Structure formats: C-alpha cells, structure tokens
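K.L.:
Sharing a structure below in structure tokens format, with a few things to ask.
The values are calculated or read from the model by the stated rules, or taken from the named source; none is laboratory data. Since the model is a prediction, treat every value here as computed from it, not as a measurement. Neighbour counts are summed over all protein chains in view; Cβ atoms, including those assigned to glycine, are modelled from backbone coordinates with ideal geometry. The area values use the complete protein model at the heavy-atom level, side chains included, leaving out ligands, DNA and RNA. Shrake-Rupley method; radii C 1.70, N 1.55, O 1.52, S 1.80 Å.
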Amino acid sequence: MPLALLGLAVSAFGIGTTEFVMMGLLPQVADDLGTSVPTAGYLVSAYAIGVVVGAPLLTALGSRIPRKRMLLLLMALFTVGNLASALAPGFGWLIAGRVLAGLPHGAFFGLGAVVAARLVREGRQARAVATMFLGLTVANILGVPAATLLGQHLGWRATFLVVSAVGLLAIAALARLVPDVPVDERQSLGREVRALGRPQVLLGLLTAVFGFAGVFAVYSYLASMTTEVMGFGDSTVTLVLALFGLGMTGGALAAGPLTDRALRPTLYGSLAALVLALVAFRFTVHVPWLALVTVVVLGAVGFMTTTPLQMLVMNKAKDAPTLASASNHSAFNLANAGGAWAGGAAVAAGWGWTSPALVGAGLTVVGLAIAAVAGLLDRDRGTAEGASRVVAQSPLAEASPAAGKQVSSSSPASGS
C-alpha cells in the first residue's frame with residue numbers, strides 16, 4: 001500500500017478521536033463551565049451538525065481546488081476548530097468550536113476516500129479506503145481512551161490541545177506523503193449534484209442512515225449498560241469502549257478485501273450479521289464475559305458495513321463521486337444522531353437499558369431492506385458491483401507516493 005495512505009490514516013485518527021472523546025468528557029466540561037451533563041451533551045450534537053452541514057458545503061466550495069491542497073485546507077480547519085475548543089471562554093464558544101471542528105469531517109473522509117482509491121491499482125480500491133478508515137478505528141482503541149484519561153487528569157482543555165497537535169502532525173504527513181492530485185477539467189459542481197441525485201446513490205445513503213443507526217443505538221448507551229446491566233464499575237467503561245474499538249479495527253481489516261471481491265454480498269452479510277449481533281446482545285449483556293465478546297463482535301460487524309457503503313455510493317456516482325462520497329459521512333452522522341435518539345427514547349419509555357439493542361436491530365433491518373431493494377433494481381440493469389469500477393487505475397499505483405507525481409485524470413472516473 002502507498003505511504004500516502006498513512007497520511008490519510010493519521011488524519012482519520014485525529015478526526016475519530018475528537019468526534020468520540022466528548023462522550024467521555026461531558027462530566028468534566030459540565031463541571032468546569034457550570035452547566036448540567038445533559039446540556040453538555042449538546043456538544044456531541046454540535047459536532048454532528050458540523051459534519052452534516054460541512055460535508056456537502058465544503059465539498060461544493062472546494063470542487064475546483066486540487067485534491068491535495070483541499071485535504072490540507074480541511075485538516076487546517078479541523079485543527080483550528082479543536083484549538084478554538086481548547087481556548088473557549090464559555091459554553092457557547094465551545095459549541096461554536098465543536099461545530100467548526102466538525103465541518104471538515106465529512107468532506108475530508110469523502111475526498112480522502114476518492115484519493116485513496118486512486119492511489120492503488122485496480123481491484124484494491126476498497127482495501128485502500130479501509131486502510132484510511134483504520135485511523136478512525138485505532139482512534140477508538142487508543143485515541144479516545146487516552147484522550148479521556150488525559151482530560152480527567154489534566155482537564156478537558158488539555159485533550160483538545162493534544163488533538164490540535166495531532167492535527168498539525170496530520171498536516172505534515174499529508175504535505176509530505178500525499179502526491180498532487182489534479183482536478184479533472186470536465187468536473188463541475190452541477191455534475192457532482194446530478195450524480196448525488198441518482199436513485200442508486202440516494203438508496204445507498206438511506207442504507208447508511210438506517211443500517212448504521214443500529215450501531216449507535218447501542219454504542220451511545222454502552223457506558224450505562226456496562227455499569228447498570230453488566231455489573232462492572234465505572235473504571236471498566238474505558239476497557240469496554242476499547243474492546244468495541246478493537247472490533248471496529250478487525251471489521252475494517254476484513255471489509256477491504258471482502259468488498260474488493262464482492263461489494264453487495266459483503267454489504268448484505270455485514271448488515272445481517274449486525275442484526276443478529278444486536279439481538280444477541282439483548283441477552284448476552286446479562287452474562288459479563290459473553291457481553292464483552294458480543295461488544296467486540298458488534299464493533300466488527302458494525303464497522304464492516306462502512307467500507308461497502310462508501311464504495312457503493314462512489315461506484316454509483318463514479319464519474320463525479322466526491323460529493324456523494326462526502327455526503328455518505330453526513331448519512332453516517334444522521335445515523336449517529338438518529339440511533340442515539342431512538343435508543344434513548346426506548347430507555348425513557350421504561351423499556352430498560354437493554355432495549356436499545358432491539359431498537360438498533362429494527363433500524364438495521366430497515367437498512368438491509370433498502371440495500372436489498374437497491375440490489376434488485378441493479379439486477380435488471382446487469383451492473384457489476386466490483387469496487388474496482390469506482391475509479392480508474394492511476395499510474396501512481398506503480399510509483400512512489402512520496403515522489404510528488406501527479407495522478408492522471410485521463411478517464412471520466414478519475415476526475416474526482
């Protein structure tokens with residue numbers, strides 16, 4: 001794999017850390033800024049709003065900017081947002097900092113996925129995208145627990161200062177390792193919007209919203225399940241979250257080659273496995289060791305859905321995939337918000353702390369049904385689902401990624 005993927009993975013690590021670490025810092029932030037924990041919870045929503053708004057907006061604004069320069073600008077905005085969060089004098093300013101940090105999230109992952117796929121030879125695109133996403137999963141194993149501990153001992157502001165430093169490291173890695181990727185002269189915002197509006201792209205985004213919502217229906221309340229149902233102490237929560245992250249990493253490693261081999265079967269299989277794991281968790285959560293095993297499985301099959309979903313929308317918008325690719329991350333964050341809301345509603349209705357697992361299973365079933373409908377529509381057209389069709393093979397796949405050579409944009413699929 002090209003070294004350029006390392007630069008993308010480091011950036012993904014920083015983004016993943018800042019996205020999820022707030023969940024573990026809410027008590028410290030609430031204490032320091034004189035507000036309640038539920039009110040501080042708006043900081044999680046603020047980041048998600050930034051992602052949903054920023055993904056299409058920044059992608060559209062940067063549609064004519066060379067890809068490497070755009071990646072650097074997005075990571076610079078991410079760093080500024082985290083620095084603003086660290087220095088926020090009050091709760092309102094911290095909300096603004098979180099929105100600012102979230103703005104480049106979707107655009108970076110969307111553009112990064114397209115660039116990653118162009119760095120490798122045909123048939124390895126999904127593995128390249130999964131390698132970038134490994135940074136996100138490692139953030140859940142190492143970054144989030146370490147940043148949470150740092151915030152608990154040195155204050156939450158120290159956490160965001162460290163994440164800002166990771167952002168600077170990512171900028172240096174992108175500048176050094178990622179080659180110049182020009183914009184296809186035929187590319188236009190109108191073309192991107194038209195590609196985003198294709199029925200198969202929209203069905204892919206809907207699959208992400210409902211299918212992935214099942215993951216967050218449980219993940220959002222995993223800490224409470226750990227203490228209230230599994231019977232572990234507060235100190236074990238970090239370990240349980242790390243186990244979930246370990247499963248995510250395993251899922252990402254498996255998803256790449258599986259998606260390259262058979263995109264839709266991988267998507268169907270991962271969604272079906274997620275439904276089964278969520279239903280099983282409803283019962284295994286009462287047996288501590290079984291609960292921990294299921295947490296790992298949930299992380300694995302949940303994150304295994306992300307690579308085929310990402311490649312699917314890029315495939316269906318292959319002549320103008322950047323906006324669709326970025327919008328997929330808006331869909332994932334809508335899944336985050338919707339899954340958390342649905343799981344919370346079940347708990348608030350008095351159904352118990354295990355009810356989010358069944359709610360999540362129901363949401364994922366809807367996502368699987370949408371994916372199946374999209375697959376049936378494709379069968380009539382006889383379209384192949386190999387992820388290798390997303391982008392044309394780049395001559396860079398045979399060259400050193402650090403050599404600074406430009407990627408050819410000779411095919412319609414490469415102008416992303």
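K.L.:
Grab the DSSP H runs of the chain that are 4 residues or longer, score each as -39,500 (n - 2.57), total them, divide by all residues and round the 222 nm result to the nearest 500 deg cm²/dmol.
P.N.:
-25500 deg cm²/dmol
K.L.:
Could you tell me the ratio Rg/Rh of the chain? Both radii from Cα atoms, Rh via Kirkwood. Numbers along the way, then the final one.
P.N.:
Details: Rg = 20.2 Å, Rh = 21.1 Å.
Reported Rg/Rh, Kirkwood definition of Rh: 0.96.
K.L.:
Would you check the accessible area of I49, probe 1.4 Å, heavy atoms only, in square angstrom rounded to 10?
P.N.:
100 Å²
K.L.:
Could you give the dipole magnitude of the chain about its Cα centre, charging the beta-carbon of Lys and Arg +1 and that of Asp and Glu -1, in debye to the nearest 20?
P.N.:
1020 debye
K.L.:
Using the alpha-carbon atoms, what tilt in degrees (0 to 90, nearest 10) does helix 355-381 show relative to the longest principal axis of the chain?
P.N.:
20 degrees
K.L.:
While we're looking at this one, here's another question. Which of these, R264, R379, R98, has the largest mean-square fluctuation under a Gaussian network model of the chain (Cα springs below 10 Å)?
P.N.:
Result: R379 has the largest fluctuation of those listed.
K.L.:
Related question: Please report the carbon-and-sulfur percent of the accessible area for the chain; probe 1.4 Å, protein heavy atoms only, DNA, RNA and ligands left out. Each step should come with its number before you reach the end.
P.N.:
Details: 10430 of 15150 Å².
Carbon plus sulfur share of accessible area: 69 percent.
K.L.:
For the pair L142 and R261, what calculated FRET efficiency results from E = 1/(1 + (r/R0)^6), where r is the Cβ-Cβ distance and R0 = 25 Å, to the nearest 0.05?
P.N.:
0.25
K.L.:
Suppose each label sits 7 Å from its Cα in the direction of the beta carbon; what would the D180-L239 distance come out to in nanometres?
P.N.:
5.3 nm
K.L.:
Build a GNM of the chain with springs between Cα atoms under 10 Å: which of L377, L77, L334 gets the top mean-square fluctuation?
P.N.:
Ranking L377, L77, L334 by mean-square fluctuation puts L377 first.
K.L.:
F133 accessible area, nearest 10 Å², 1.4 Å probe?
P.N.:
The value for F133 is about 10 Å².
K.L.:
Counting only the heavy atoms of the protein chains, how much of H286 is accessible to a 1.4 Å probe, in Å² to the nearest 10?
P.N.:
Rounded to the nearest 10, the figure is 110 Å².
K.L.:
For the range 135-217, what does the convex hull of the Cα positions come to per residue, in cubic angstrom?
P.N.:
163 Å³
K.L.:
What spacing in nm lies between the two simple spin-label points modelled at L57 and A345, each 7 Å away from Cα in the Cβ direction?
P.N.:
The answer from the label model is 2.7 nm.
K.L.:
Would you mind getting the accessible area per residue of the range 227-339, heavy atoms of the protein chains only, 1.4 Å probe, in Å²? If you can, show how the numbers build up before the last one.
P.N.:
On the way: 3620 Å² over 113 residues.
The answer is 32 Å² per residue.
K.L.:
Looking only at G302, G247, G90, which one moves most when the chain is put into a Gaussian network model with springs between Cα atoms under 10 Å?
P.N.:
Taking springs between Cα atoms under 10 Å, the residue moving most is G90.
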